[in-house]
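A.B. asks: Pasting in a structure now, in structure tokens, and then I'll have a few things to ask.
Each reported figure results from applying straightforward, stated rules to the coordinates on display, with no laboratory input. None of these values were measured; they are calculated from a predicted model. Because the Cβ atoms are built from the backbone with ideal geometry, glycine has one as well, and the counts that use them run over all protein chains shown.
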Amino acid sequence: MDNIYLSKKAEVLGVRKHTPTEWSFSLRLETETIPGQFVMVSLPGVGEVPISISGYNPNSIELTIRDVGKVTREVCKISPGDHLYIRGPYGNGFPLQEFVGRHLLIIVGGSAIAAVKPLVEHYMNNSQFQLDGMDIIAGFKSPRHILFHDELNHWKKKYKVRITVDSDEDYAWMGSIGFVVDYIKEVKSISEDTRAIIIGPPLMMTNSVRELLRHGVKKENTYLSFERHMKCGIGKCGHCRIRDKYVCLDGPVFNYDDVKELID
Ligand SMILES: Cc1cc2nc3c(=O)[nH]c(=O)nc-3n(C[C@H](O)[C@H](O)[C@H](O)COP(=O)(O)OP(=O)(O)OC[C@H]3O[C@@H](n4cnc5c(N)ncnc54)[C@H](O)[C@@H]3O)c2cc1C
Ligand code: FES
């Protein structure tokens, strides 16, 4: 019988620095995945952490990792030619078919953009899955905290993308300033048929949901993705459990209507 905890060894093909604490790693790994899924990433002797897949093709995956603690700090030190150990992909991913033919509004805060990048690329690169337009509001702490500049600019060719920063610090920032929630009212295509995805810090998700509901977006058309502490990633240990939900199995993507008591 296969050992469900067994990881695959994956060579690091490339490393890209976004900010002083955030890096993307491309890894040689043949896998099939759905946008929104995550993998368990480990370094022997250090530990294992859940990380969203921020990009993929048939032979490789990309992970975007923020150095916050014991494991992520060590992972962020690796170089091309080194290896990481990967289990998964796990989790449900986004309901891609549900968004076809609809207006999709994506609201993300900080490094959460990594989790929606494969979803945007899915619609960008597959003309058979047409949306009725997409708006993206991406918020970052400051201009130097912006991730995926090139991708955001590329997405602007097909979709409406607003990048906003909480504060412009000392930079000559010519773009929007303020929280993502402040810009929801500027989305012209918003309607009660809009599908919305919100990912970011808990307060940002709560405020954004409230504002969306005020604009007529339905609870059942609003999706959130949760980050919780995990151990097994496969529904065995209970670490990620919130009431009757296992984030690793039932999520990480949830319909707001199913989890509203968890963020309100
Ligand atoms: C489904 C899922 C997808 C994720 N995707 C990504 C991703 O794409 N990129 C990324 O950088 N991180 C992602 N995370 C968060 C990542 O798993 C944690 O940052 C990581 O587990 C921290 O481990 P550590 O040993 O480095 O830090 P620790 O030493 O364990 O902790 C350092 C600090 O980070 C906090 N922390 C630990 N785990 C989490 C968590 N899950 N959420 C918020 N704070 C946490 C701790 O409370 C502590 O304050 C994801 C988490 C989940 C559940
Ligand atoms: S992480 Fe073990 S049950 Fe979800």
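A.B. asks: Give the residue, chosen from SER42, SER52, that is part of a strand (DSSP E or B), small (Gly, Ala, Ser), within 16 Å of ligand 2 (Cβ to nearest atom) and closer than 21 Å to PHE148 by Cβ. Spell out how you get there, then give the answer.
C.D. replies: On the way: SER42 fails: closer than 21 Å to PHE148 by Cβ.
The match here is SER52.
A.B. asks: Then there's this: Hey, can you tell me all the residues within the range 234-264 that are more than 8 Å from ligand 1 (Cβ to nearest atom) and either under 16 Å from ILE34 (Cα atoms) or of a type in the set (Lys, Arg) (or both)? Show your work before the answer.
C.D. replies: Let us first name the residues in the range 234-264 that are more than 8 Å from ligand 1 (Cβ to nearest atom), namely 234-239, 241-246, 249-250, 253-264.
Passing the criteria: LYS236, ARG241, ARG243, LYS245, LEU249, ASP250, VAL253, PHE254, LYS260.
A.B. asks: Determine whether PRO58 is under 15 Å from the mean Cα position of the chain (by Cα), more than 13 Å from ligand 1 (Cβ to nearest atom) and surrounded by fewer than 20 Cβ atoms within 10 Å (Cβ to Cβ). First the steps, then the outcome.
C.D. replies: Numbers: under 15 Å from the mean Cα position of the chain (by Cα): no; more than 13 Å from ligand 1 (Cβ to nearest atom): yes; surrounded by fewer than 20 Cβ atoms within 10 Å (Cβ to Cβ): yes.
No: the conditions fail for PRO58.
A.B. asks: A follow-up question, please. Restricting to the range 112-153, name every residue that is of a type in the set (D, E, K, R), touching a residue at least 60 places away in the same chain (Cβ under 8 Å) and within 26 Å of GLU169 (Cβ to Cβ).
C.D. replies: Within the range 112-153, LYS117, ARG144 qualify.
A.B. asks: Considering only the range 214-248, state which residues are touching a Phe, Trp or Tyr at 6+ places or on another chain (Cβ under 8 Å), within 22 Å of VAL116 (Cβ to Cβ) and among the hydrophobic types (A, V, I, L, M, F, W, C). Don't jump to the end; show me each part of the working.
C.D. replies: Initially, the range 214-248 is screened for residues touching a Phe, Trp or Tyr at 6+ places or on another chain (Cβ under 8 Å), giving 219-220, 222-226, 232-235, 238, 240, 242, 245, 247-248.
Remaining after also requiring within 22 Å of VAL116 (Cβ to Cβ): 219-220, 222-226, 233, 240, 242, 245, 247-248.
Of everything in the range 214-248, those that are touching a Phe, Trp or Tyr at 6+ places or on another chain (Cβ under 8 Å), within 22 Å of VAL116 (Cβ to Cβ) and among the hydrophobic types (A, V, I, L, M, F, W, C) turn out to be LEU224, PHE226, CYS240, ILE242, VAL247, CYS248.
A quick yes/no check of all residues on (1) within 17 Å of the chain's Cα centre (by Cα); (2) touching a residue at least 24 places away in the same chain (Cβ under 8 Å); (3) within 16 Å of ligand 2 (Cβ to nearest atom):
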site: GLU169; (1), (2), (3): no, yes, no
site: PHE179; (1), (2), (3): no, yes, no
site: ILE184; (1), (2), (3): no, yes, no
site: LEU203; (1), (2), (3): yes, no, no
site: SER208; (1), (2), (3): yes, yes, no
site: THR222; (1), (2), (3): yes, yes, no
site: SER225; (1), (2), (3): yes, yes, yes
site: CYS237; (1), (2), (3): no, no, yes
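A.B. asks: State which residue pairs qualify: first residue over 20 Å from GLY91 (Cβ atoms) and inside the range 43-69, second residue among the β-branched types (Val, Ile, Thr) and within 16 Å of ligand 2 (Cβ to nearest atom) in any location, beta carbons under 6 Å apart, and separation of 6 or more residues or different chains.
C.D. replies: Short answer, once both residue conditions are applied: VAL46/VAL71.
A.B. asks: Here is a further query. Considering the range 73-89 alone, what residues qualify as being more than 16 Å from ligand 2 (Cβ to nearest atom) and either surrounded by fewer than 20 Cβ atoms within 10 Å (Cβ to Cβ) or among the charged types (D, E, K, R) (or both)?
C.D. replies: ARG73, GLU74, CYS76, LYS77, ILE78, SER79, PRO80, GLY81, ASP82, HIS83, TYR85 - these are the residues of the range 73-89 that are more than 16 Å from ligand 2 (Cβ to nearest atom) and either surrounded by fewer than 20 Cβ atoms within 10 Å (Cβ to Cβ) or among the charged types (D, E, K, R) (or both).
A.B. asks: Restricting to the range 127-167, and then to whatever is closer than 18 Å to VAL187 by Cβ and among the charged types (D, E, K, R), can you tell me which residue is farthest from the chain's Cα centre (by Cα)?
C.D. replies: ASP132
A.B. asks: Within the range 104-148, work out how many residues are in a loop (DSSP other than H, G, I, E, B) and either of a type in the set (A, V, I, L, M) or crowded, with 21+ Cβ neighbours inside 10 Å (or both). Can you show your working first?
C.D. replies: To start, the set of residues in the range 104-148 that are in a loop (DSSP other than H, G, I, E, B) comprises 126-133, 141-142, 146-148.
From the residues that got through so far, the ones that are either of a type in the set (A, V, I, L, M) or crowded, with 21+ Cβ neighbours inside 10 Å (or both) too are 131, 146-148.
Summing the residues that are in a loop (DSSP other than H, G, I, E, B) and either of a type in the set (A, V, I, L, M) or crowded, with 21+ Cβ neighbours inside 10 Å (or both) in the range 104-148 gives 4.
A.B. asks: Return the residue satisfying two criteria in turn: it lies in the range 239-264 and is aromatic (Phe, Trp, Tyr) and within 16 Å of ligand 2 (Cβ to nearest atom), and of such residues it is nearest to the chain's Cα centre (by Cα).
C.D. replies: PHE254
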